[in-house]
Amino acid sequence: MNVEDVDVLIVGAGPVGSALAIELGRVNVRCLVIERRTRRSPQPRAKLTNIRTMTLMRRWGIADQVRAAAPLPPSFPSDIAFVTRLTGWELARFPNALSTAVDRSKPFPEPAQQVPQDVLEDVLRSHARTLPSVTVMSGMQLERFEQWPRGVRARARAVDGGTEVQINAKYIAGCDGARSLVRQLLGVEMPGVDLAANVSAVLRARTLWSLHDKSRAVHYWTSTPDAPGILGPLDSTELWWYHLNEAANGGSLTDDELRRSFFAAVGAEFPCEVVANSPWLAQRRIASR
């Protein structure tokens, strides 16, 4: 068994875990980041890195790297448009609603950037790996940990069932999402209520830009009763994301059902491939112990 001795064990290399590793690595704190995933998710959750976060990217020296990696260029307008359907009437538009364009009337050093979470994670992890005191292990998942007089002793194993690692750390940081194993092992509960079942999807539709007359925007909110939701481009050519609010069957739709809903939001049928199709539950919860 391999043994690692570090100051901080960070479980999860998403935006939070990677950002923590970068902050600690900049002041030479020894960190080990473990992440069970080995590849990008086809379903990016966040799609915008806002002004405050881009200011952090600037301080870390990677703002330009984030913009270069983003599928939508910085010049792509971050308008939000409300429409009946994408091919229907435009009801209202808020220009530069997400502040991706420079606005001299607002005192911020970096505009926001439209960039999918999976792309941003790649940039953050790559930068974290350049810091001498940070080690990032992909394909490694936490199994258990226990507190002891000098900190935490944890056990992690490769997701393929191979390498096993014992980690001795002063601190452990649970950055492993809503279903955090760290939180569960600590006995921290998440009481609250479920609000609504929704669907989040990514679709490939190469002809969609040519089917409507709306100016470019990153959000198109649809008000049609049969497909109330939001859609927008992930890149400037073919990939689109789609959120259907209060979906039937707890948000578990077949790809055919999802396509029909997407066609209803657009107001037309066209060649379309479902890349990702995930139900998600809007919740109001607070961690407590």
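The values are calculated or read from the model by the stated rules, or taken from the named source; none is laboratory data. Just so we're clear, the structure is a prediction, and the values are computed from it rather than from any experiment. Note: ideal-geometry Cβ built from the backbone for every residue, glycine included; neighbour counts use all protein chains shown. Ligands, DNA and RNA are stripped out before the accessible areas are found, and what is left, the full protein with its side chains, is counted by its heavy atoms. Shrake-Rupley method; radii C 1.70, N 1.55, O 1.52, S 1.80 Å.
Going through Gln65, Gln43 one at a time, which residue ends up being assigned to a loop (DSSP other than H, G, I, E, B) and touching a residue at least 24 places away in the same chain (Cβ under 8 Å)?
Being assigned to a loop (DSSP other than H, G, I, E, B) and touching a residue at least 24 places away in the same chain (Cβ under 8 Å) holds for just one of Gln65, Gln43, which is Gln43.
So Ser138 passes all but one of these: (1) within 19 Å of the chain's Cα centre (by Cα); (2) small (Gly, Ala, Ser); (3) open to solvent by less than 30 Å² (accessible area, probe 1.4 Å). Which condition number does it fail?
Condition (3) is where Ser138 drops out.
Looking only at the stretch 180-208, which residues are in a helix (DSSP H, G or I) and either at pLDDT below 95 or among the hydroxyl-bearing types (Ser, Thr, Tyr) (or both)? Explain how you work it out, then say what you get.
If we filter the stretch 180-208 for residues that are in a helix (DSSP H, G or I), which is where we start, we get 181-186, 208.
Result: Leu181, Val182, Arg183, Gln184, Leu185, Leu186.
Every residue, every condition in (1) in contact with a strand residue (DSSP E or B) (Cβ under 7 Å, 6 or more places away or on another chain); (2) under 30 Å from Phe145 (Cα atoms), yes or no:
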position	(1), (2)
Glu189	yes, yes
Ala197	yes, no
Tyr242	yes, no
Leu258	yes, no
Pro271	no, no
Ser278	yes, no
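Within the stretch 190-226, which residues are touching a Lys or Arg at 6+ places or on another chain (Cβ under 7 Å) and surrounded by fewer than 20 Cβ atoms within 10 Å (Cβ to Cβ)?
Met190, Pro191, Gly192, Val193, Leu195, Thr224
Is it fair to say Ala247 is surrounded by 21 or more Cβ atoms within 10 Å (Cβ to Cβ) and out of contact with any helix residue (DSSP H, G or I) (no Cβ under 6 Å at 6 or more places or on another chain)?
Numbers: surrounded by 21 or more Cβ atoms within 10 Å (Cβ to Cβ): yes; out of contact with any helix residue (DSSP H, G or I) (no Cβ under 6 Å at 6 or more places or on another chain): yes.
Yes; evaluated as a whole, the condition is true for this residue.
Does Ser126 meet the test of being open to solvent by 40 Å² or more (accessible area, probe 1.4 Å) and under 21 Å from Glu23 (Cα atoms)?
Numbers: open to solvent by 40 Å² or more (accessible area, probe 1.4 Å): yes; under 21 Å from Glu23 (Cα atoms): yes.
Spelling it out, Ser126 is indeed open to solvent by 40 Å² or more (accessible area, probe 1.4 Å) and under 21 Å from Glu23 (Cα atoms).
Quick one: Trp89 ticks every box in (1) open to solvent by less than 60 Å² (accessible area, probe 1.4 Å); (2) under 30 Å from Trp241 (Cβ atoms) bar one, so which box is it?
Just one mismatch for Trp89, condition (1).
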